[in-house]
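Written below as structure tokens is the structure these notes are about.
FYI, it's all coordinate maths here, none of it is from the lab. Owing to the predicted nature of the structure, the values given are computational and were not obtained by experimental measurement. Cβ placement follows ideal geometry from the backbone for every residue including glycine, while neighbour counts extend to all protein chains displayed.
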Amino acid sequence: MFRLSCYWIGLSMWVVGLSSAALAQTSAPAAVPNDPSAQTASGAIPTLVTADAPTMGAATVAEQAPVVPPPPVHETPAPVAKQPIGLAPLENGPVPVKGKWSPTLYGFLAFDMAHDSTQSFSTGSPGYLLIAKKGTFAGDHGRTIFDARGSRFGFRLAAPEMDGMKATAVIEADFVGNQLSMNYGANPTGISENSTYNNGLMRIRHAAIKIESRYVDVLAGQYWQLFGWAPIYLPVTTQIPGYPGVPYGRNTQLRVSHVFKTDPVSVELAVAAVRPSQRNAEYPDAHGGARLMVNHWRGVSAVGATGAAFLEMPAGIAVSGIYRQLKVAEFAAAPSKQNSVTGGGVSVDMFLPVIPSSLGNKANALNITGNFTTGRGIGDMYSPGTIGGAGFPGLPNPNGAAVAPTWPQDIDNGLVTYDLAGDIHAIKWQTAFGGIQYYLPPSGRVWLAANYGYAKSSNIGSYDLAPERIVTKYTMWDGVAYVNIVGPVTFAAEFAREEQTYGDGKTATNDRFMGSLYYQFW
């Protein structure tokens with residue numbers, strides 16, 4: 001309609017101009033076209049010289065030929081780009097995220113497929129969840145899971161540098177939040193299997209602020225725990241972290257750090273006040289760490305479940321530690337005092353690029369990662385699940401009361417336990433984990449990894465806990481292959497075996513075949 005209106009307006013003006021030209025022949029010199037040599041390079045119609053224009057050469061305006069009005073010009077509209085046909089927004093063009101604080105949207109979409117030889121796990125993360133024993137229904141039957149709840153997204157923000165300081169922030173979420181337990185819809189206290197997998201709950205993974213200066217860096221919020229220097233030394237597997245044998249977790253903290261840089265080596269020192277594992281302990285946990293990096297000996301390492309989040313890291317070794325004070329209500333039905341116990345541990349981590357590489361050239365890269373930890377009262381540093389399955393014994397019932405007395409527990413399972421004499425004990429754990437990665441030539445778009453880890457406790461079976469319900473040792477090994485199909489799309493396949501030794505000496509084993517497809521965006 002707009003083009004049609006323009007056409008009629010142009011035609012009307014042409015008619016008016018024609019009439020004016022006819023009248024001008026009797027009353028004024030006619031307008032003439034400009035010299036043909038004045039045409040544009042594109043051959044456009046020359047501009048008109050009106051009666052009040054200057055003369056051209058020796059000829060006067062009156063001596064020029066009568067005007068020849070130009071024909072109407074019809075502009076061809078620019079072609080309109082066709083919109084893609086498909087399901088929005090997957091096939092629409094990208095819309096950049098813009099802002100004054102340089103926001104960066106990142107994350108990945110994950111499609112996980114897992115088959116387990118037992119009915120022990122409900123997600124792609126084995127962690128320290130208990131494996132059903134052979135001879136039980138769950139131990140003798142398998143399970144298949146399709147799951148997309150591990151997909152995640154986040155935003156990084158970076159404000160302009162001011163007064164020699166740089167402020168950044170990150171917020172990241174996934175869909176593996178705490179849901180009601182699955183009871184197949186049998187009663188209102190749980191949810192169905194369909195709701196469990198199709199209606200994942202969002203949860204915060206990271207929400208942290210960092211201020212960097214030439215003197216010190218300060219981080220505040222929920223972020224990777226300093227103990228174990230996650231995620232730098234995490235192995236790569238298709239299974240979702242954590243894995244038996246390696247510390248893994250995020251926590252709310254206030255961290256202060258600084259990197260001392262030289263050309264051959266750099267050293268990072270860090271200390272952190274961390275959310276206490278028991279709020280009734282009154283004091284935050286204390287973490288500390290030191291990391292030595294050999295700057296010119298570098299290699300590429302894939303980190304985490306997707307296997308496509310690459311870090312170009314210097315060879316190095318790191319040490320970190322944790323100290324905490326726990327105050328637990330006395331082992332009585334009506335406690336009147338607290339019993340104190342200390343917890344702490346040490347972690348040693350290593351990254352060794354056997355065949356050095358870079359992000360621009362991953363082909364033939366070979367690297368090794370390793371971790372060793374030992375400690376007591378630090379079971380929450382290993383997740384998910386309660387490592388060892390340790391809880392607390394029931395209170396003595398010497399009078400045989402119909403309703404047995406109960407203890408008002410005020411600390412998470414897995415950290416400490418009581419014996420029947422009322423003495424408190426911190427549970428000890430020792431763990432180790434090793435992983436190797438190799439990137440096939442010529443492009444490095446196919447890479448392989450293998451891992452082995454274990455965790456064992458020397459005292460969890462020494463107290464009055466039901467031996468058939470506690471685990472004294474975990475072992476896990478796996479092999480995984482990744483293929484970068486195109487750009488952001490990667491496929492991974494893995495076989496993993498986990499074995500658990502119970503306090504009664506019996507073992508339980510789960511074999512897992514897992515395939516995952518990832519779409520990364522950064």
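The modelled label-to-label distance between M202 and F521, using points 7 Å beyond Cα along the C-beta direction, is 1.4 nm.
Relative contact order for the range 332-482 using alpha-carbon pairs under 8 Å, separation at least 6, rounded to a whole percent? Before the final figure, lay out the partial values.
Details: 319 pairs, mean separation 37.4, N = 151.
With pairs under 8 Å counted, the relative contact order is 25 percent.
Judged by the gyration tensor of its Cα atoms, with axes a ≥ b ≥ c, the range 211-271 is oblate; a/c meets the 1.5 cut and b/c is at least as large as a/b. Across the range 107-521, Cα-Cα pairs more than 42 Å apart make up 15 percent of the total. Just so you know, the averaged projected area of the alpha carbon convex hull for the range 332-489 sits at 13.4 nm². When Rg and the Kirkwood Rh are both derived from Cα coordinates, the Rg/Rh ratio for the range 90-194 amounts to 1.17.
Return Y452, Y243 ranked ascending by Cβ neighbour count within 10 Å, so the fewest neighbours appear first. Before the final figure, lay out the partial values.
Working: Y452 15, Y243 26.
Sorted ascending by nearby Cβ count, the order is Y452, Y243.
Evaluated over the range 107-521, the count of Lys pairs having alpha-carbon atoms less than 21 Å apart is 16 (only pairs 8 or more residues apart or interchain).
A straight chain from E468 to D163 at 0.36 nm per residue would run longer than the Cα-Cα distance by 103.7 nm. Modelled spin labels at I317 and A186, positioned 7 Å past Cα toward Cβ, are 5.4 nm from each other. Think of each Lys and Arg Cβ as +1 and each Asp and Glu Cβ as -1; about the Cα centre, that makes the dipole of the range 107-521 roughly 420 debye.
Spin-label model, N194 to Q338: label points 7 Å out along the Cα-to-beta-carbon direction sit 4.8 nm apart.
Are there trypsin sites (Lys or Arg not before Pro) in the range 116-148 that DSSP puts in a loop and that have at most 13 other Cβ atoms within 10 Å, and which ones? Don't skip to the end; give the middle numbers.
Working: sites: K133, K134, R143; in loops: K133, K134.
Here the sparse-neighbourhood loop sites are K134.
From least to most packed, judged by other beta carbons within 10 angstrom and beginning with the fewest, D174, D349, D504, D163 follow the order D163, D504, D174, D349.
Express in nm, to one decimal, how much length is gained between V446 and V216 on full extension, taking 0.36 nm for each residue of separation and deducting their alpha carbon distance. Don't skip to the answer; put the middle values down first.
Working: separation 230, 0.36 × 230 = 82.80 nm, distance 3.95 nm.
Result: 78.8 nm gained on full extension.
In the range 107-521, taking the dipole from charged Cβ atoms about the Cα centre, the farthest positive-side position among V328, G164, G139 is held by G164.
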